[in-house]
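To start, the structure itself, in structure tokens.
The values are calculated or read from the model by the stated rules, or taken from the named source; none is laboratory data. Please read these numbers as outputs of a predicted model, since none were measured by experiment. All Cβ positions, even for glycine, are placed from backbone atoms using ideal geometry, and neighbour counts span all protein chains on display. Just the protein is used for accessible areas: all its heavy atoms, side chains included, with ligands, DNA and RNA removed. Shrake-Rupley method; radii C 1.70, N 1.55, O 1.52, S 1.80 Å.
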Amino acid sequence: MIDLRSDTVTKPTDAMRAAMAAAEVGDDVYGEDPTVNALEERVAALLGHEAAVFTPTGTMANQLGIRTLVAPGQELLCSDDAHVVRAELGAAAALAGITTRTWSAPAGRLDAGRVAAMMRPGAGPHFVSTAAVAVENTHNFGGGTIIPLAELQRLHDLTQPVGVAMHLDGARLWNAHVATGVPLATYGGLFDTVSVCLSKGLGAPVGSVLVSSAERISRARVWRKRIGGGMRQVGILAAAGLYALDHHVQRLADDHARTRRLAAACAAAAPGLLDPQATRTNIVVLDLRGTGLVAGQLAQTCAQQGVAVSALGRHTLRAVTHLDVDDDGIELACRVVPAVLTQAIDRVA
Ligand SMILES: Cc1ncc(COP(=O)(O)O)c(C=O)c1O
């Protein structure tokens with residue numbers, strides 16, 4: 001079975017496991033795990049920030065970042081399909097009393113001017129004040145969309161003067177960096193807090209990192225402990241992250257090339273379901289609205305033929321390449337998925 005459901009399904013390689021087994025460890029709640037400390041310092045430096053905190057998940061890194069920027073009763077703005085609002089199960093509201101307001105973002109695209117028009121900073125005491133904007137780069141449910149640097153800069157220039165902070169959900173910022181060549185620190189410099197995941201395309205079994213100022217990270221550490229994220233000898237996990245940074249960043253370009261092959265094959269079979277030119281990273285999304293096709297049924301048929309893809313709701317089919325998908329795997333996907341689409345389209349015609 002070729003598993004294209006997500007880039008979270010990768011298994012650690014033998015070399016990564018060896019690095020984990022050899023890791024020096026200590027009690028990270030005491031700040032004494034040298035491998036965690038090394039990972040935090042390295043990721044903070046890569047993103048051009050003062051400090052970092054290791055978290056078990058991207059969700060926790062996002063939520064810690066957001067809560068350092070937004071007070072209870074204030075609001076966060078984000079896209080309607082952002083992971084923080086669609087897949088973190090109301091965490092900002094449930095855990096931090098934060099209101100979220102969304103902008104509509106076809107394919108995950110960002111229009112800084114439109115977002116700025118939604119902002120209502122300093123609206124208290126009678127109304128909800130906008131405290132932060134969250135941007136996702138690359139945008140997962142949008143189809144691995146890269147948010148152009150110029151648009152991020154524009155948003156920064158519009159938010160900064162009015163005191164609205166910016167959080168980057170950079171679970172797949174590595175992919176944006178490899179696809180565009182924009183340095184990680186250039187992205188990082190536009191944001192007050194940035195979360196990055198080691199457990200997606202980089203292939204670590206677990207782990208994310210939040211970077212920000214030293215002051216915000218020390219507050220994030222308190223909240224990490226409070227919600228049960230204070231871990232002990234987790235150098236064993238941080239070592240996987242360090243290994244991934246050394247060995248698995250540049251290879252993301254291979255994932256991107258394989259995804260483009262799949263996107264081109266799908267577009268040839270079913271033009272209109274996607275724009276293959278828009279597929280630039282490791283995610284391809286097919287928009288089935290108005291076609292009569294049902295994502296769950298297509299995913300089931302693909303799985304019966306050895307290719308697992310995700311149905312995101314009724315109308316969206318997603319395939320994601322990663323470390324555990326090679327050229328043979330993508331070749332199989334390029335045969336199966338377009339054929340399943342063609343048969344399904346013929347059936348509904
Ligand atoms: C864009 C984005 N942000 C955050 C996360 C959360 O990561 P985790 O599953 O580690 O909580 C994901 C997970 O897929 C994601 O795609």
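Couplings 3J(HN,Hα) for the range 305-319, derived from phi with the Karplus relation 6.51 cos²θ - 1.76 cosθ + 1.60 (θ = phi - 60°), are 9, x, 10, 8, 10, 9, 9, 9, x, 7, 10, 10, 10, 10, 10 Hz, where x marks Gly and Pro.
For the chain, a simple Cβ point-charge model (Lys and Arg +1, Asp and Glu -1, everything else neutral) yields a dipole of about 820 debye relative to the Cα centre.
The value given for the chain is a Kirkwood hydrodynamic radius of 20.7 Å, derived from the mean inverse Cα-Cα separation. Note on residue 215 and residue 103: their simple-model spin labels are 2.7 nm apart, each label 7 Å out from Cα toward Cβ.
Keeping all protein chains in place and using 1.4 angstrom, which order do 149, 210 fall into by accessible surface area, from largest down?
Numbers: 149 60, 210 0 Å².
Final ranking, largest accessible area leading: 149, 210.
Solvent-accessible surface of the chain, averaged per residue with a 1.4 angstrom probe and all protein chains in place: 41 square angstrom. Counting only DSSP H runs of at least 4 residues, each contributing -39500 (n - 2.57), and dividing by the residue count of the chain, the helix-based mean residue ellipticity at 222 nm comes to -13000 deg cm²/dmol. Rounded to the nearest 10 degrees, what's the angle between the helix 58-69 long axis and the longest principal axis of the chain, both from Cα atoms, 0 to 90? The angle comes out at about 40 degrees.
Placing pseudo-labels 7 Å out from each Cα toward the beta carbon at residue 149 and residue 118 gives an inter-label distance of 2.6 nm.
For the residues 194, 284, 128, a GNM of the chain with alpha-carbon springs under 10 Å puts the largest fluctuation on 128.
For the range 68-204, the share of DSSP beta bridges that are antiparallel, to the nearest 5, is 5%. Under the criterion of Cα pairs below 8 Å and six or more residues apart, the relative contact order for the range 170-272 equals 28 percent. Helix 235-247 and the longest principal axis of the Cα set of the chain meet at an angle near 60°. Taking the chain as a Gaussian network of alpha-carbon nodes connected by springs under 10 Å, the highest mean-square fluctuation of the residues 144, 292, 229 belongs to 292.
Seen against the Cα atoms of the chain and their longest principal axis, helix 327-348 is set at about 70 degrees.
Tally up the carbon and sulfur contribution to the accessible surface of the chain as a whole percent, 1.4 Å probe, everything protein left in place. Carbon and sulfur together cover 53 percent of it.
The spacing between the range 10-85 and the range 118-168, judged by their C-alpha centroids, is 21 Å. Here the simple spin-label model places points 7 Å from the Cα toward Cβ, and for residue 342 and residue 27 these points are separated by 6.4 nm.
Evaluated with a Cβ-only charge set (Lys, Arg +1; Asp, Glu -1), the range 109-239 carries a dipole of roughly 520 debye about its Cα centre, given to the nearest 20.
Rounded to the nearest 20 debye, the dipole size of the range 248-308 about its Cα centre is 100 debye, using +1 on the Cβ of Lys and Arg and -1 on the Cβ of Asp and Glu. Within the listed set 97, 58, 235, the residue fluctuating most in the Gaussian network model of the chain (springs between alpha-carbon atoms under 10 angstrom) is 97.
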